[in-house]
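Undergrad: Below you'll find the structure I mean.
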């Protein structure tokens, strides 16, 4: 009765508290834990040991946020340092490219502009040719090569160019690339006779002969030209070359300098290099091979004895003005382009290596 007067029945309190378990709930460690489902004793507890009372999810989120902000800041700083590094290194790139350009032009390859028609139709006016300056360091000059040479001291007044050391050549190449200095009287012709060769014109068929072997020159002579209208008969002195243009009617070549020192020949030491390809205009692009007539085995027979009679040059009646095919350097564009083409990958590679080493060091310091 008294129990009924209190409005309750035995066991009612445990039923009223059935919404909460008497024992603390066991949480899955793989699920987030929130204050709403923590036991009251744990929720009210505030640790005094200095640890973070925040749940593990909040701590994880905070650490991730801080880490991402730190990583973003480091990444932005790294990009800024890389940009600064590039602009500091850009002048170095330009200097390296310039030095490489001078080296390439002076010792390896140079472009020349053809201003006259004395080598037509092989080389036409306004053609640009590349001249290989290294080829005669690895092989001798061949008959049929188209050579670029300095006419000073042989065909023109002045002294025969002498070989200079590396530093002098480099200084001369640097000056000439930008229009300074004196590059000399540069010409271009085809080699017909080598040292010791007996070169003559003409045989019964009107052909030029080398060591008694007639040359079949139709593949490169200007259409309608005779092999020569001037008669000559010479043994090429040691260390010199007999050269002629392909447009024989108007070419100022060895035939027209028989009275000059060397009897019209040019010294091998004056040769700058071999023209081996036409690079401009695009429609004229092609290599410049040695014509087949110069590959005849008989040409390599022993040269005639020195002291052969030399015929006087005959007057050329009604001929046009002679052209010597003096060359002009094609400007610094090509060597500079080649210099940059080499300098850019070299500079990029060393920069990548240096930045990677610096980054590894920075990570190791942390």
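Undergrad: Among the numbered conditions (1) at pLDDT below 85; (2) in a helix (DSSP H, G or I), tell me where residue 294 comes up short.
TA: Of the numbered conditions (1) at pLDDT below 85; (2) in a helix (DSSP H, G or I), the odd one out for residue 294 is (1).
Undergrad: Does residue 197 qualify as being at pLDDT 90 or above and more than 27 Å from residue 109 (Cα to Cα)?
TA: yes
Undergrad: Restricting to region 104-118, name every residue that is surrounded by fewer than 18 Cβ atoms within 10 Å (Cβ to Cβ) and part of a helix (DSSP H, G or I).
TA: 107 - this is the single residue of region 104-118 that is surrounded by fewer than 18 Cβ atoms within 10 Å (Cβ to Cβ) and part of a helix (DSSP H, G or I).
Undergrad: Kindly indicate whether any position in region 180-187 is assigned by TED's automatic domain parsing to the domain that holds residue 236, crowded, with 18+ Cβ neighbours inside 10 Å, modelled with pLDDT of 90 or more and touching a strand residue (DSSP E or B) at 6+ places or on another chain (Cβ under 8 Å).
TA: yes
Undergrad: Separate question: Restricting to region 233-272, name every residue that is in contact (Cβ under 8 Å) with a residue 60 or more places away in the chain, within 20 Å of residue 220 (Cα to Cα) and touching a strand residue (DSSP E or B) at 6+ places or on another chain (Cβ under 9 Å).
TA: 241, 243, 245, 246, 247, 250, 251, 252, 253, 254, listed by residue number.
Undergrad: I'm trying to understand the selection: among the residues of region 248-273, which are surrounded by fewer than 24 Cβ atoms within 10 Å (Cβ to Cβ) and under 34 Å from the mean Cα position of the chain (by Cα)?
TA: 267, 268, 269, 271, 272, 273
Undergrad: Also, I was wondering about something else. Within the set of pairs 6+ apart or on separate chains, which have a first residue in region 341-366 that is under 24 Å from residue 90 (Cα atoms), a second that is at pLDDT 75 or above and surrounded by 12 or more Cβ atoms within 10 Å (Cβ to Cβ), and C-beta atoms under 6 Å apart?
TA: That search, which allows pairs on different chains as well, returns 342/100; 343/93; 343/96; 343/97; 343/100; 347/93.
Undergrad: Moving to a separate point now. Does region 279-291 contain any residue that is surrounded by fewer than 19 Cβ atoms within 10 Å (Cβ to Cβ), in contact with a strand residue (DSSP E or B) (Cβ under 7 Å, 6 or more places away or on another chain), closer than 28 Å to residue 156 by Cβ and modelled with pLDDT of 90 or more?
TA: Yes: one or more hits.
Undergrad: Among (1) out of contact with any helix residue (DSSP H, G or I) (no Cβ under 9 Å at 6 or more places or on another chain); (2) closer than 16 Å to residue 152 by Cβ; (3) part of a loop (DSSP other than H, G, I, E, B), where does residue 264 come up short?
TA: (1)
Undergrad: Only residues that are in contact with a helix residue (DSSP H, G or I) (Cβ under 8 Å, 6 or more places away or on another chain), in a loop (DSSP other than H, G, I, E, B) and buried (at least 17 other Cβ atoms within 10 Å of the Cβ): list them for region 128-151, please.
TA: Across region 128-151, the qualifying residues are 133, 143, 144, 151.
Undergrad: Which number in (1) buried (at least 20 other Cβ atoms within 10 Å of the Cβ); (2) out of contact with any helix residue (DSSP H, G or I) (no Cβ under 8 Å at 6 or more places or on another chain); (3) without any contact (Cβ under 8 Å) to a residue 40 or more places away in the chain marks the one condition that residue 206 misses?
TA: Every condition holds for residue 206 apart from (1).
The values are calculated or read from the model by the stated rules, or taken from the named source; none is laboratory data. The shown structure was predicted, so the numbers you read here are calculated from the model rather than taken from an experiment. When we count neighbours, we look across all protein chains shown, and the Cβ atoms used for this are built from the backbone with ideal geometry, even at glycine.
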